[in-house]
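Peer 1: The structure that follows is given in the form of structure tokens.
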Amino acid sequence: MVLECKELRKKYLGKTVVDNVSFVLEEGSIYALLGQNGSGKTTLMKMITGLVKADQGEMTFQGEKLGVKAKEQIAYMPTEAYFYDYMKTKDVGKYYADFFEDFNKQHFDELLIQMDIHQKDRIKHLSSGQIAKLKLAVTLARNAKLYLLDEPLNGIDLLSRDIIITIILEASREDNMIVISSHLVEELEKIVDHIILLNKGRVSLVGEAEEIRETRGKSITDVYREVLA
Amino acid sequence: MEFINNVPIYVQVIDDIKRDIVNGILPMGGKMPSSRELALKYKINPNTSSRIYREMEAEGICFTKRGLGTFVTEDKETVVRIREKMAEDFINSFIQGMKGLGFTREELNHLISIKYGEGGA
């Protein structure tokens, strides 16, 4: 196992948002982190990246305590757009290249072409779909071990969605791991192989997608509805 | 390809590939896409795609030549067998469905002979 989270907890102002969450992530897999808004998906991702400190629990990465060294191998794509309006898309690439040693400029350029976004486009002129694609491009252009993608499909039109899905599949390799958070389960049915389902801060289901379909004769979407009902 | 989400994805893709083999779209002995290419073609998880090849090899539908890739079986018998098995599955579910609606064998035969000429619409 590459990432192990053990009994993670987080409270905000007395409210428990992540409650005794444990799971492991293995190489070569794409995970769906599913749950309603407010179920703790984003907090959990931020805990792994170190942006939020867990009140309790343990995280190990490749057998060692998750620390600075491990975090260099984790690429996180937050939900919010965090680019400055005055920037051009190529500036976003430069910005990332300055921050992250594993940033692959050539791969970034290729992804932009694939996404039909131009180097000279200004951030303030991009549509929300283009911003979503650009966020994904800078994240996946890093040569990381673990990619955490928070809601990459939220509010995206159909065509952009297809491109995003293709690009995520292309980024999946035998030696990396991708976690995609979403409340849109149906979109992820085909592309993930593992499910982590959160409900009110707790893990209510962990499993292999095909196995869930095979043993229950139900789609992940149906199982999701059942668990939350 | 449209997927039904309550049936394992690998099962559905294998059926689709079998159809392509039976129709000759994937010719006998022909090279198949790599596991990665298959994942991108069907927009499915790469592990599902590797599993598809494992299952198909076990069934003798395809075989791997070391370093060259995966190829459709060269055995005509196998293709005939796949075709017959698929036909049987269709017929069985069709007959079950029609029985469920209370159709008799005669009514079924009659309907088929009419509808077949219309192209099965």
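Peer 1: I'd like to check something: does segment B:102-110 contain any residue that is away from chain A (no Cβ under 14 Å), among the aliphatic types (A, V, I, L, M) and within 29 Å of A:ARG173 (Cα to Cα)?
Peer 2: The first filter runs over segment B:102-110 and keeps only residues away from chain A (no Cβ under 14 Å), leaving B:102-110.
Filter once more, keeping what is among the aliphatic types (A, V, I, L, M): B:108.
The next check asks that each one be within 29 Å of A:ARG173 (Cα to Cα); those that pass are none.
No, every residue in segment B:102-110 fails to be away from chain A (no Cβ under 14 Å), among the aliphatic types (A, V, I, L, M) and within 29 Å of A:ARG173 (Cα to Cα).
Peer 1: Quickly run through segment A:154-172 and pick out the residues that are surrounded by fewer than 21 Cβ atoms within 10 Å (Cβ to Cβ), within 15 Å of the chain's Cα centre (by Cα) and assigned to a loop (DSSP other than H, G, I, E, B).
Peer 2: Passing the criteria: only A:ASN154.
Peer 1: Do we have B:ILE52 as over 30 Å from A:THR221 (Cα atoms) and either touching a residue at least 40 places away in the same chain (Cβ under 8 Å) or surrounded by fewer than 11 Cβ atoms within 10 Å (Cβ to Cβ) (or both) here?
Peer 2: On the way: over 30 Å from A:THR221 (Cα atoms): no; either touching a residue at least 40 places away in the same chain (Cβ under 8 Å) or surrounded by fewer than 11 Cβ atoms within 10 Å (Cβ to Cβ) (or both): yes.
Considered against the rule, which asks whether it is over 30 Å from A:THR221 (Cα atoms) and either touching a residue at least 40 places away in the same chain (Cβ under 8 Å) or surrounded by fewer than 11 Cβ atoms within 10 Å (Cβ to Cβ) (or both), B:ILE52 comes out as no.
Peer 1: Taking into account only those residues within segment B:64-83 that are in a helix (DSSP H, G or I) and free of Cβ contacts under 8 Å to residues at least 60 places away in the same chain, which is farthest from the other protein chains (Cβ to nearest Cβ)? So that I can check it myself, show each step before the final result.
Peer 2: Taking segment B:64-83 and keeping what is in a helix (DSSP H, G or I), we get B:76-83.
Filter again for free of Cβ contacts under 8 Å to residues at least 60 places away in the same chain, leaving B:76-81.
Details: B:LYS76: 31, B:GLU77: 29, B:THR78: 25, B:VAL79: 26, B:VAL80: 28, B:ARG81: 24 Å.
The qualifying residue farthest from the other protein chains (Cβ to nearest Cβ) is B:LYS76.
Peer 1: Taking the conditions exactly as written (more than 14 Å from chain B (Cβ to nearest Cβ) and either open to solvent by 10 Å² or more (accessible area, probe 1.4 Å) or more than 21 Å from A:PHE23 (Cα to Cα) (or both)), does A:LYS218 satisfy them or not? Before the answer, list the steps.
Peer 2: On the way: more than 14 Å from chain B (Cβ to nearest Cβ): no; either open to solvent by 10 Å² or more (accessible area, probe 1.4 Å) or more than 21 Å from A:PHE23 (Cα to Cα) (or both): yes.
Answer is no for this residue.
Peer 1: A further question follows. Answer yes or no: is there a residue in segment A:203-221 that is part of a loop (DSSP other than H, G, I, E, B) and touching a Gly at 6+ places or on another chain (Cβ under 8 Å). It would help to see each step written out before you state the result.
Peer 2: In the first step, residues of segment A:203-221 are kept if they are part of a loop (DSSP other than H, G, I, E, B); the result is A:217-219.
Those left that are additionally touching a Gly at 6+ places or on another chain (Cβ under 8 Å): none.
So far as segment A:203-221 goes, no, none of its residues is part of a loop (DSSP other than H, G, I, E, B) and touching a Gly at 6+ places or on another chain (Cβ under 8 Å).
Peer 1: Another one. Of everything in segment A:110-151, what is of a type in the set (S, T, N, Q), in a helix (DSSP H, G or I) and open to solvent by 30 Å² or more (accessible area, probe 1.4 Å)? Give them in sequence order.
Peer 2: Taking segment A:110-151 first, the residues of a type in the set (S, T, N, Q) are A:114, A:119, A:127-128, A:130, A:139, A:143.
Okay, now just the ones that are also in a helix (DSSP H, G or I), so A:114, A:128, A:130, A:139.
Within segment A:110-151, A:GLN114, A:SER128, A:GLN130 meet the criteria.
Peer 1: Moving to a separate point now. Condition first: among the β-branched types (Val, Ile, Thr), away from chain B (no Cβ under 13 Å) and crowded, with 20+ Cβ neighbours inside 10 Å. Now tell me which residues in segment A:182-209 satisfy that. Working first, answer last.
Peer 2: First, pick out the residues of segment A:182-209 that are among the β-branched types (Val, Ile, Thr): A:185, A:191-192, A:195-196, A:203, A:206.
Remaining after also requiring away from chain B (no Cβ under 13 Å): A:196, A:203, A:206.
Listed by number, the residues that qualify are A:ILE196, A:VAL203.
For every residue, the table says whether it meets (1) exposed (fewer than 10 other Cβ atoms within 10 Å of the Cβ); (2) in the same structural domain as B:GLY24 (by TED's automatic domain parsing).
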site	(1), (2)
B:ALA58	yes, yes
B:LYS65	yes, yes
B:THR70	no, yes
B:ARG81	no, no
B:MET86	no, no
B:ASN92	no, no
B:LEU101	yes, no
B:ARG105	no, no
B:ILE112	no, no
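Peer 1: Output the number of residues of segment A:159-173 satisfying the condition of being touching a helix residue (DSSP H, G or I) at 6+ places or on another chain (Cβ under 8 Å) and among the acidic types (Asp, Glu).
Peer 2: 1
Peer 1: Continuing with the same structure: Which residue out of B:GLY69, B:GLY97 is within 24 Å of the chain's Cα centre (by Cα) and at positive phi? Break it down into steps so the answer makes sense when it comes.
Peer 2: On the way: B:GLY97 fails: at positive phi.
That would be B:GLY69, the only listed residue that is within 24 Å of the chain's Cα centre (by Cα) and at positive phi.
Peer 1: Among the residues of segment B:23-39 satisfying the criterion of being in contact with a helix residue (DSSP H, G or I) (Cβ under 7 Å, 6 or more places away or on another chain) and either on the phi > 0 side of the Ramachandran plot or surrounded by 17 or more Cβ atoms within 10 Å (Cβ to Cβ) (or both), which is nearest to the other protein chains (Cβ to nearest Cβ)? It would help to see each step written out before you state the result.
Peer 2: From segment B:23-39, those in contact with a helix residue (DSSP H, G or I) (Cβ under 7 Å, 6 or more places away or on another chain) are B:26, B:28, B:33, B:35-36, B:38-39; that's our starting set.
From what's left, either on the phi > 0 side of the Ramachandran plot or surrounded by 17 or more Cβ atoms within 10 Å (Cβ to Cβ) (or both): B:26, B:33, B:35, B:38-39.
Working: B:LEU26: 21, B:PRO33: 14, B:SER35: 11, B:LEU38: 11, B:ALA39: 6 Å.
It comes out as B:ALA39.
Peer 1: Let me ask you something else. Looking at segment A:141-181, which of its residues are out of contact with any Phe, Trp or Tyr (no Cβ under 6 Å at 6 or more places or on another chain), of a type in the set (A, V, I, L, M) and within 14 Å of chain B (Cβ to nearest Cβ)?
Peer 2: Of everything in segment A:141-181, those that are out of contact with any Phe, Trp or Tyr (no Cβ under 6 Å at 6 or more places or on another chain), of a type in the set (A, V, I, L, M) and within 14 Å of chain B (Cβ to nearest Cβ) turn out to be A:LEU153, A:LEU158, A:LEU159, A:ILE163, A:ILE164, A:ILE165, A:ILE167, A:ILE168, A:LEU169, A:ALA171, A:MET177, A:ILE180.
Peer 1: Could you grab the pairs with beta carbons closer than 6 Å, sequence gap of 6+ or different chains, first residue in segment B:27-39 and free of Cβ contacts under 8 Å to residues at least 40 places away in the same chain, second one of a type in the set (A, V, I, L, M, F, W, C)?
Peer 2: Going by the 6 Å Cβ cut-off, the qualifying pairs are B:ALA39/A:LEU169.
Peer 1: Name the single residue, out of those in segment A:76-109 being hydroxyl-bearing (Ser, Thr, Tyr) and part of a loop (DSSP other than H, G, I, E, B), that is most open to solvent (accessible area, probe 1.4 Å). I'd like the intermediate steps shown before the answer.
Peer 2: Taking segment A:76-109 and keeping what is hydroxyl-bearing (Ser, Thr, Tyr), we get A:76, A:79, A:82, A:84, A:86, A:89, A:95-96.
From what's left, part of a loop (DSSP other than H, G, I, E, B): A:79, A:82, A:84, A:86.
Values: A:THR79: 61, A:TYR82: 67, A:TYR84: 113, A:TYR86: 151 Å².
If we take residues in segment A:76-109 being hydroxyl-bearing (Ser, Thr, Tyr) and part of a loop (DSSP other than H, G, I, E, B), then A:TYR86 is most open to solvent (accessible area, probe 1.4 Å).
Peer 1: Can you tell me which residue within segment B:1-14, out of those that are open to solvent by less than 60 Å² (accessible area, probe 1.4 Å) and out of contact with any Asp or Glu (no Cβ under 8 Å at 6 or more places or on another chain), is nearest to the other protein chains (Cβ to nearest Cβ)?
Peer 2: Of everything passing the filter in segment B:1-14, B:VAL7 is nearest to the other protein chains (Cβ to nearest Cβ).
The values are calculated or read from the model by the stated rules, or taken from the named source; none is laboratory data. Quick caveat, the model's predicted, so the values are computed rather than measured. Cβ: placed from backbone, ideal geometry, glycine included. Neighbour counts: every protein chain shown. Side chains included, ligands, DNA and RNA excluded: accessible areas come from the protein's heavy atoms. Shrake-Rupley method; radii C 1.70, N 1.55, O 1.52, S 1.80 Å.
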